[in-house]
Every structure is written in structure tokens, then in C-alpha cells.
Amino acid sequence: MKISLLISSLPTQNTTTRMRVWRALKASGAATLRDGVYVLPIAHGEKFDAIANDVISEQGTAYIFHTESLSNLDLSSIFSRKEEYDAIYQKLTGLRDSLTQAEKKELLKQVRKLRKSIDAIVKIDYYPDETQAQVLNELSLLECSIAHLGEVNEPHAIQTHIQLLDKAEYQNQLWATRKRPWIDRLASAWLIKTLIDSKPTFMWLETPDDCPEEALGFDFDGARFSHVNHWVTFEVLLHSFNLETPALKKIAEIVHYLDVGGIEPPEANGIEKVIQGLRSQINNDDQLFELSNHIFDGLYANLSRE
């Protein structure tokens with residue numbers, strides 16, 4: 001396997017540049033063979049270019065070589081991120097041991113910071129092993145647990161194949177979901193009203209057991225539409241009715257993140273604050289749904305223009 005080598009040196013008095021170069025090397029994921037000698041897999045060797053240019057601009061020297069890996073060089077070992085993953089895993093375990101509804105806001109803040117830290121490690125994990133998978137799985141479980149603190153009757157994902165459905169067979173229907181809807185239920189109801197059923201009727205259930213037989217339930221265990229595989233209900237509806245436009249996929253990313261965690265889209269924080277504000281002020285679910293529709297209408301229009 002080929003590798004890229006950076007051999008560099010800087011004037012000893014240039015501590016500011018040394019720190020900047022060190023940070024750039026760390027961010028690139030380069031491994032240190034010895035002082036001033038760094039290595040990257042050749043597929044990522046272009047990351048050395050900017051670092052070398054910086055060193056040279058500060059009266060240092062820098063040379064980049066592309067060569068076959070040395071026979072005694074264990075790449076999977078020198079690029080191992082196990083210590084970093086282990087440190088993150090300990091933090092995830094600490095959060096899991098302190099799950100309380102009263103601390104939900106702070107817990108969300110902490111787990112989202114950890115998600116960003118993990119994503120940064122994953123980007124430079126050139127030889128991933130089971131440690132990465134373990135940490136990512138633990139993170140996903142924790143994100144879901146925190147997001148659902150204080151919520152009742154949250155659905156559990158089932159493993160199945162999603163069938164493609166015809167919208168014409170889903171018109172003028174009664175749609176039912178749990179009361180006090182949060183992001184997935186509100187977005188799903190908006191999607192149903194806007195792009196699936198031209199004349200829907202909605203009802204908000206005290207418990208899933210209250211769902212009438214004639215109603216199409218969504219976002220609860222046993223509902224016609226709910227979490228499937230790694231998708232939340234909004235995503236399941238997109239797949240079921242073949243509605244996967246770029247704008248709707250972007251909304252799906254926001255809904256997924258706010259409902260069960262994951263990679264944070266740039267728009268998510270603003271949408272979360274607005275929906276939280278409405279939900280804290282409005283106790284009537286029909287009114288909450290009506291007002292949230294305007295938010296999703298605006299978001300959809302803006303993303304469609306992009």
C-alpha cells in the first residue's frame with residue numbers, strides 16, 4: 001500500500017507557526033514517525049500540501065514523498081483511533097448513567113457535542129475497526145434515549161421492507177397519532193396533508209390503544225406508518241409514497257436529527273427552537289399542527305428554491 005510522507009522543519013523560535021502546523025497535522029489525521037516526519041495514506045496525501053506551503057512560507061523546509069509503505073510499518077496500528085474512541089465511550093457511558101427528564105436540555109447539548117467530536121474522529125479514522133462501530137452504535141442509542149425523555153409511547157423501529165404505495169388509495173382518510181406531537185409527528189402530518197392525502201382528517205390520541213380501526217395510525221407501535229429500520233416515520237412516508245425530492249430529503253435529515261439524533265443539519269437548531277416555542281405555548285394540538293404547517297411550508301419552499 002502506498003503512503004505519503006511529509007518531512008519538515010521550522011525555525012526553532014517560531015512557536016506560533018509550530019503550534020499552527022501541529023494543529024493542522026492533528027486535524028489531518030497524520031501519524032508521526034519521528035520528529036518532523038509524518039505519514040498519511042496516499043489517498044489523503046493532498047492534506048500535506050497546505051501544511052507544507054505554510055511551513056515554507058515561514059522560512060521552514062518541507063518535502064512530500066509518495067512511496068510504497070515500509071515493510072515494518074503497521075499502518076492499522078499507527079493510525080489506530082482506539083484511545084480516542086475509548087475516551088469518548090467513557091463520556092457516553094457517563095451520560096447514560098445520568099439520564100433524567102429534568103436534565104434533558106443539558107443532556108441534548110452534551111450528546112450533540114460528543115456527536116461532533118466523534119464525527120471528527122471518524123473523518124480521520126483511515127483504518128476503522130469494531131471500536132468505531134461500537135461507539136457509533138452507543139451514540140445512536142444514547143441520542144434516541146435522550147430525545148425521548150419525557151415522551152410517552154415512543155415507537156420502536158421494526159426491521160422490514162417498505163412497500164411502494166399509491167397515493168390515490170389514501171385519499172379522504174382519517175389519520176391518527178399520539179397527542180402533544182413533536183417533530184416527527186408534526187412533520188409527518190404536514191407531509192400527509194401537503195403531498196399525500198388531499199383531504200385528510202387528523203385525530204390526536206391519548207394512547208395508541210385509542211386508535212379507531214378505520215384510522216391510519218402513524219408514529220406509534222403497531223401503527224400503519226411508524227419507524228422502520230433506521231428511518232423515522234417522516235422518512236418512512238417519503239419512501240412509501242416515492243416523495244424523495246432533494247428538498248424533502250433535506251427536511252427528512254432535520255426531522256431525523258431532532259427526533260432520534262444523528263448528524264446535525266445547519267437548519268436543525270432554528271427549527272427546533274421554533275417548534276419548542278410553539279409547543280410550550282399552545283396546548284391545543286389542532287392549533288399546534290396548523291401553526292407548525294406554516295413553518296414546514298416555508299422551509300419546503302426555501303429548500304425547493306435551493
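Note on the range 214-294: dipole from Cβ charges, positive end direction compared against Ala247, Leu237, Gly277; the farthest Cα belongs to Ala247.
Along the axis of the charge dipole computed for the range 163-306 (Cβ charges of +1 for Lys and Arg, -1 for Asp and Glu, origin at the Cα centre), the listed residues Ser226, Leu191, Pro208 are led at the positive end by Leu191. Listed by chain and number, the aspartates and glutamates whose alpha-carbon sits under 14 Å from that of Lys113, ignoring those within fewer than 8 places in the same chain, are Glu143, Glu264. Here the Karplus curve 6.51 cos²θ - 1.76 cosθ + 1.60, taken at θ = phi - 60°, turns the phi angles of the range 93-108 into couplings of 4, x, 5, 4, 7, 10, 6, 9, 4, 4, 9, 4, 4, 5, 5, 4 Hz, with x standing for Gly and Pro. Each label was represented as a point 7 Å from its Cα along the Cα-to-Cβ direction; for Asn284 and His66 these points are 6.7 nm apart. The GNM of the chain, with springs linking C-alpha atoms under 10 angstrom apart, assigns the highest mean-square fluctuation among Asp210, Asp197, Asp119 to Asp210. Think of the range 1-129 as having a plus end and a minus end, set by charges on the Cβ of Lys, Arg, Asp and Glu; of Phe48, Gln101, Val21, Gln101 sits farthest toward the positive end of this dipole. A simple charge model with +1 on the Cβ of Lys and Arg, -1 on the Cβ of Asp and Glu and nothing else charged puts the dipole of the range 1-154 at about 480 debye relative to its Cα centre. For Rg/Rh (Cα atoms, Kirkwood Rh), the value calculated from this model appears in (i) 1.03; (ii) 1.10; (iii) 0.94 under label (ii). Per-residue Karplus couplings for the range 189-202, computed as 6.51 cos²θ - 1.76 cosθ + 1.60 with θ equal to phi - 60°, are listed in order as 5, 4, 5, 4, 5, 8, 10, 10, 10, 5, 9, x, 10, 10 Hz, Gly and Pro entered as x.
The apolar share of the surface of the range 1-90, taken as the fraction of accessible area on carbon and sulfur atoms (1.4 Å probe, ligands and nucleic acids excluded), comes to 53 percent. When all alpha carbon pairs of the range 89-131 are counted in 5 Å bins from zero, the resulting P(r) reads 5, 19, 26, 20, 14, 9, 5, 1 %. What you get for the range 95-243, charging only the Cβ of Lys and Arg (+1) and of Asp and Glu (-1), is a dipole of about 680 debye around the Cα centre.
Karplus-derived 3J(HN,Hα) values for the range 221-237, using 6.51 cos²θ - 1.76 cosθ + 1.60 with θ = phi - 60°, are 4, x, 6, 4, 10, 7, 5, 9, 6, 9, 9, 7, 4, 4, 5, 4, 5 Hz; glycine and proline are entered as x.
Once backbone amide H atoms are built at 1.01 Å from N, Arg178 has Leu205 as its partners under 5 Å, excluding neighbours fewer than 5 places away on the same chain.
Each Lys and Arg Cβ is given +1 and each Asp and Glu Cβ -1; about its Cα centre, the chain then shows a dipole of about 1120 debye.
Compute the accessible area per residue over the chain, keeping the other protein chains in place, probe 1.4 Å, unit Å².
Values: 16520 Å² over 306 residues.
Per residue, the chain has an accessible area of 54 Å².
Amide H to amide H distances under 5 Å link Ser226 with Asp219, where only residues 5 or more positions off or on other chains count and H is placed in the peptide plane.
Evaluate the relative contact order of the chain (contact order divided by residue number), counting alpha-carbon pairs under 8 angstrom at least 6 apart; express in whole percent. Rounded, it is 15 percent for the chain. Solvent-accessible area of the range 194-250 (1.4 angstrom probe, protein heavy atoms only): carbon and sulfur portion equals 48 percent.
The values are calculated or read from the model by the stated rules, or taken from the named source; none is laboratory data. All of these numbers come straight from a predicted model, not from anything done at the bench. All Cβ positions, glycine included, derive from the backbone under ideal geometry; neighbour counts span all protein chains shown. Protein only, heavy atoms only, side chains kept; ligands, DNA and RNA dropped before computing areas. Shrake-Rupley method; radii C 1.70, N 1.55, O 1.52, S 1.80 Å.
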